[in-house]
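The values are calculated or read from the model by the stated rules, or taken from the named source; none is laboratory data. These numbers come from a predicted model, not from an experiment. Cβ placement follows ideal geometry from the backbone for every residue including glycine, while neighbour counts extend to all protein chains displayed.
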Amino acid sequence: SITVAPALTLTDKEYQIMRNASIACLREIGVETGGSNVQFAVNPSNGRLLVIEMNPRVSRSSALASKATGFPIAKVAAKLAVGYTLDELRNDITGGATPASFEPSIDYVVTKIPRFAFEKFPAADPHLTTQMKSVGEVMAIGRTFQESFQKALRGLETGIDGLSERSSDRDEIIDEIGNAGPERILFVADAFRVGMSLDDVFEETSIDPWFLAQIEQLVQIEGQLAGRDLAGLTLDELRFLKQKGFSDKRLAKLLGTNQHAVRERRHALGLRPVYKRVDTCAAEFATQTAYLYSCYEAADGECEAEPTSRKKIMVLGGGPNRIGQGIEFDYCCVHAALAMREDGYETIMINCNPETVSTDYDTSDRLYFEPVTLEDVLEIVDKEKPTGVIVQYGGQTPLKLALDLERAGVPIIGTSPDSIDIAEDRERFQGLLHDIGLKQPPNRTARTEEQALALAQEIGYPLVVRPSYVLGGRAMEIVHGDKDLERYMREAVRVSEKSPVLLDRFLDDAIEVDVDCISDGVDVMVGGIMEHVEAAGIHSGDSACSLPPYSLSPDLQDEMRRQSVLMAKALGVVGLMNVQFAIQGEGADAVVYVLEVNPRASRTVPFVSKATGQPLAKVAARCMAGVPLARQRDRHGRVPAEVVPPYFSIKEAVFPFNKFPGVDPILGPEMRSTGEVMGVGRTFGEAMLKSQLGAGSRLPEKGTVVITVKNGDKDRAVKVARDLV
């Protein structure tokens, strides 16, 4: 559900009744210390109040409330549990000027919007009910609801930059707004666009008329911009639009221009955002904590950013959690901030995900709770003027901005955006591998459906097909013939000159291997080699993997080390790099193929770091800041080097199929896991068992086993069946 703070449509009387009822619930249940969560339902027509549930613990909403107010609920609850009282604890954000018993008050509006992943589960019912189906969320802060709402929409990273149009079909719109779905709020805007009245929309949705009126006004403003010219907008008009939360990109679309032109016009008029502080007390007390959000105030609006002149490193976060880009990347961002702070830099974090550690006000020296978009990042860079900006730790989100940021003169440190582009651009990468003598599965790039069919005949089926520039295997499939390929090209992707489709020969019965490494531009350190348990063809994020490898010979491992070092040097990597290999054949006949290279943080970095005890993200961040590997030292005074542990660590994926009944749980090249666990043991079997128990799999000790395998696996299945008897 979309959530707003403070409660904007409740009367003060209703608010006070709920506050008193919450405290009464805690006392009746017997909660002596710690956090609790009470959920109410209010009938807006008569004010009748019901308690839905009460959780005598911190909950998902505790994290959101902490980020929305700046009051660290879990931290305070932990101190209360060991005997402190609220009046004894001081408020960090106000520098101790207020006690923890001082209830936070806010002078801004916070909007949280959930992020869904129904595109990963086409057979799932997308209607929202009492069963949670979102996989992440985004939060935005603004001076008004409209500003914070539109900031949250663009922070979702679903290809929208505001109230983007979804349909002009009245019947479809009525059906969509009458049933809660992931894009219902966009269809509400469409309802106003096709002429439905506020009363009509309220009748279909039961959304409070105040919120509907806010959305209706935004749609009316968009309508008034039709036919207007950017050059004709006055300073006051443009300021009014920015105060309503319209992004440069959305305005560009409405005015028939590009966002660069809108930004230039805005700057020419002297219109820039100001930054305000989250202080828990609605500006009643001064705060030294730099927890900031942007807004567009009147011409004389005060900016509270107060940037320093210290040397600074800025880290771009990953935005909302989603399948393919989760907290693994936030782990890297946090470790980068910690390492840079240890080395004397002022650290600046930009992110909009309330679920993460990176958006804690004390993880970095300065936190900007802003959408990770080009417009927002450029404004913060202009205000802070950092020494360097790290883009390779937040997953695909900041990487998509890298080239535009570089063109704008932003000092990106680490691997250059051009090197990142070489690894992402299939044809450039193919040329690089050819130059250094490494093998790839036969592959081609198609820009039309006809070209794809012709190239498929040249490469041979089966094929792995996918669009370029994706994370999490989005729209990736294995196709076995022309009919499959035609269907894929028709239904899954829009192929064009700018968005080609990649065709790779699928390697049957191959072992997939991940290698994480760090380069300082001269020396390369291998962080860890992971052997996948599932065969090649299952997305690496969905496959269990073992460190060290459980079946690969030392010679094969050395060959992959050699190839990884070659590629890191050829690409000019500075920082982290992940390589995915496939090994086909056994013994002397084994052939090592390079599947892909990612010159950035990968989702396996936290696993490798915990399995080996090497803080890879910190080491790589120092490389990016100009400290070579040879000059770095760990806590024992040693130069960072590869660690091959004398025990096994298994990473196992966790899936959400129980949330989506009717969805086929068979795994493939498109990632569908939403989390992972790790098991550590003296043997591969012990570590695997622990990982299965950690993932919630119940392992029966007796009963009936059904074995169903493809023809190629039947010979090997006999031994497995015999072991189970």
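Considered as a group, the residues in segment 310-348 that are within 23 Å of Val608 (Cβ to Cβ) and of a type in the set (Phe, Trp, Tyr) include one that is surrounded by the most Cβ atoms within 10 Å (Cβ to Cβ), and that residue is Phe329. In the set (1) part of a loop (DSSP other than H, G, I, E, B); (2) touching a Lys or Arg at 6+ places or on another chain (Cβ under 8 Å), the condition left unmet by Glu137 is number (1). The residues listed here are Val513, Val501, Val524; of these, the one that is of a type outside the set (S, T, N, Q), modelled with pLDDT under 90 and crowded, with 18+ Cβ neighbours inside 10 Å is Val501.
Considering only segment 5-110, give the helices (runs of 4 or more DSSP H) lying wholly within it that have at least 2 residues that are buried (at least 18 other Cβ atoms within 10 Å of the Cβ), of a type in the set (Gly, Ala, Ser) and in contact with a helix residue (DSSP H, G or I) (Cβ under 8 Å, 6 or more places away or on another chain).
60-69
Restricting attention to segment 245-262, report how many residues are within 17 Å of Thr144 (Cα to Cα) and either surrounded by fewer than 14 Cβ atoms within 10 Å (Cβ to Cβ) or of a type in the set (Ser, Thr, Tyr) (or both).
Of the residues in segment 245-262, the ones within 17 Å of Thr144 (Cα to Cα) are 245-247.
Of the ones still in play, those that are also either surrounded by fewer than 14 Cβ atoms within 10 Å (Cβ to Cβ) or of a type in the set (Ser, Thr, Tyr) (or both) are 247.
So the count comes out to 1.
Exactly one residue out of Gly70, Gly47, Gly83 is out of contact with any Leu (no Cβ under 7 Å at 6 or more places or on another chain), on the phi > 0 side of the Ramachandran plot and modelled with pLDDT under 90: that is Gly47. Scanning segment 666-698 for residues that are within 32 Å of the chain's Cα centre (by Cα) and without any contact (Cβ under 8 Å) to a residue 24 or more places away in the chain yields Ile666, Leu689, Leu693, Ser697, Arg698. Inspect segment 679-690 for any residue being part of a strand (DSSP E or B) and surrounded by 17 or more Cβ atoms within 10 Å (Cβ to Cβ) and give the result as yes or no. Taking every residue of segment 679-690 in turn, at least one turns out to be part of a strand (DSSP E or B) and surrounded by 17 or more Cβ atoms within 10 Å (Cβ to Cβ). Annotation: Met671 fulfils all but one of (1) under 19 Å from Ser540 (Cα atoms); (2) exposed (fewer than 10 other Cβ atoms within 10 Å of the Cβ); the unmet one is (2).
Provide a single number: the residues in segment 427-459 that are more than 32 Å from the chain's Cα centre (by Cα), among the small types (Gly, Ala, Ser) and closer than 23 Å to Met567 by Cβ. Residues flagged as more than 32 Å from the chain's Cα centre (by Cα), among the small types (Gly, Ala, Ser) and closer than 23 Å to Met567 by Cβ within segment 427-459 amount to 1.
Yes or no, residue by residue, for (1) assigned to a loop (DSSP other than H, G, I, E, B); (2) more than 26 Å from the chain's Cα centre (by Cα); (3) modelled with pLDDT of 95 or more; (4) among the aromatic types (Phe, Trp, Tyr):
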{"position": "Asp558", "(1), (2), (3), (4)": "no, yes, yes, no"}
{"position": "Ala568", "(1), (2), (3), (4)": "no, no, yes, no"}
{"position": "Leu576", "(1), (2), (3), (4)": "no, no, yes, no"}
{"position": "Val579", "(1), (2), (3), (4)": "no, no, yes, no"}
{"position": "Ala588", "(1), (2), (3), (4)": "no, yes, no, no"}
{"position": "Pro606", "(1), (2), (3), (4)": "no, no, yes, no"}
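Restricting attention to segment 376-394, does a residue exist that is without any contact (Cβ under 8 Å) to a residue 60 or more places away in the chain, surrounded by fewer than 22 Cβ atoms within 10 Å (Cβ to Cβ) and out of contact with any Phe, Trp or Tyr (no Cβ under 9 Å at 6 or more places or on another chain)? Looking through segment 376-394, none of the residues is without any contact (Cβ under 8 Å) to a residue 60 or more places away in the chain, surrounded by fewer than 22 Cβ atoms within 10 Å (Cβ to Cβ) and out of contact with any Phe, Trp or Tyr (no Cβ under 9 Å at 6 or more places or on another chain). Restricting attention to segment 639-689, the residues that are hydrophobic (A, V, I, L, M, F, W, C) and either in the same structural domain as Asn321 (by TED's automatic domain parsing) or touching a Ser or Thr at 6+ places or on another chain (Cβ under 9 Å) (or both) total 15.
For segment 406-437, the tally of residues that are within 20 Å of Asp504 (Cα to Cα), in contact with a Leu (Cβ under 9 Å, 6 or more places away or on another chain) and not in a helix (DSSP H, G or I) stands at 1. In segment 152-189, the qualifying residues are those that are surrounded by 20 or more Cβ atoms within 10 Å (Cβ to Cβ) and touching an Asp or Glu at 6+ places or on another chain (Cβ under 6 Å), and the one that is nearest to Val4 (Cα to Cα) is Arg154. For segment 630-651, a residue qualifies if it is at pLDDT 95 or above and surrounded by 14 or more Cβ atoms within 10 Å (Cβ to Cβ), and the qualifying residues are Tyr647, Phe648, Ser649, Ile650, Lys651.
A count restricted to segment 652-665 and to residues that are part of a loop (DSSP other than H, G, I, E, B) and either in contact with a strand residue (DSSP E or B) (Cβ under 7 Å, 6 or more places away or on another chain) or surrounded by 14 or more Cβ atoms within 10 Å (Cβ to Cβ) (or both) stands at 4. Just so you know, in segment 207-244 the residues that are of a type in the set (Asp, Glu) and outside any helix (DSSP H, G or I) include one that is surrounded by the most Cβ atoms within 10 Å (Cβ to Cβ), and it is Asp208. When restricted to residues that are buried (at least 23 other Cβ atoms within 10 Å of the Cβ) and touching a helix residue (DSSP H, G or I) at 6+ places or on another chain (Cβ under 9 Å), segment 362-372 contains 7.
Note on segment 111-142: residues that are touching a Phe, Trp or Tyr at 6+ places or on another chain (Cβ under 6 Å) and modelled with pLDDT of 95 or more amount to 2.
Pro182 falls short on exactly one of the conditions (1) in contact (Cβ under 8 Å) with a residue 12 or more places away in the chain; (2) assigned to a helix (DSSP H, G or I), and that condition is (2).
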